[in-house]
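The structure appears below as structure tokens.
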Amino acid sequence: VDALADRRSNVVVTGSPAEQDLTGRVAGEPRPQVVDLGGTTDLAGLASVLDGADLVVAGNTGPAHLAAAVGTPVVSIFAPVVPAARWRPWGVRHTLLGNQDIDCAGCRARSCPFDDGAGQPCLSPVTVEAVLTAVDHQRPAVLVAP
């Protein structure tokens, strides 16, 4: 969020009521170009926010698919626990970040057995720079969903 905001992108952070503490941490210090909507939107409201975005950055979760459903391009931080060919955002321009070819792809694990405390190996290539590069290949205004 900081790197996007530093580039003068408008960033909206979304999440459920149970994720309000998380969205507050993700949004960081209040500033004009970052809005924290954590816990404030229902499904229809979230669809409206996503529809108004130029681009959505999200995990392989519901908001990425809802963004695709309303026609908004997606940068997805996509752990390959499910096959991307089947579960990626459909019908819109999208970029998948994460190693989709790792040996354990398709494992469907809820908790990575290879996480040594430094994170999931399939997501280790996902750096701030990788996200910014993907955003540059899509559009400048960004919405982030934890």
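Annotations
- Residue in segment 72-88 that is within 18 Å of VAL11 (Cα to Cα) and assigned to a loop (DSSP other than H, G, I, E, B) present: yes
- Residue satisfying all of: in segment 121-136; in contact (Cβ under 8 Å) with a residue 12 or more places away in the chain and exposed (fewer than 15 other Cβ atoms within 10 Å of the Cβ); nearest to VAL75 (Cα to Cα) among these: VAL128
- Condition check for ALA68: under 26 Å from ARG7 (Cα atoms), outside the structural domain of VAL1 (by TED's automatic domain parsing) and modelled with pLDDT of 95 or more: yes
- In segment 24-35 there is no residue matching the filter, namely being more than 27 Å from ASP115 (Cα to Cα), of a type outside the set (Gly, Ala, Ser), touching a Ser or Thr at 6+ places or on another chain (Cβ under 6 Å) and modelled with pLDDT of 90 or more.
- Taken over segment 71-90, residues that are at pLDDT 90 or above and either more than 12 Å from the chain's Cα centre (by Cα) or among the charged types (D, E, K, R) (or both) amount to 2.
- For the residues ALA64, ALA58, ALA53, the requirement of being in contact with a Phe, Trp or Tyr (Cβ under 9 Å, 6 or more places away or on another chain), of a type in the set (A, V, I, L, M, F, W, C) and in contact (Cβ under 8 Å) with a residue 60 or more places away in the chain singles out ALA64.
The values are calculated or read from the model by the stated rules, or taken from the named source; none is laboratory data. Just so we're clear, the structure is a prediction, and the values are computed from it rather than from any experiment. Glycine also receives a Cβ, built like all others from the backbone with ideal geometry; neighbour counts cover every protein chain displayed.
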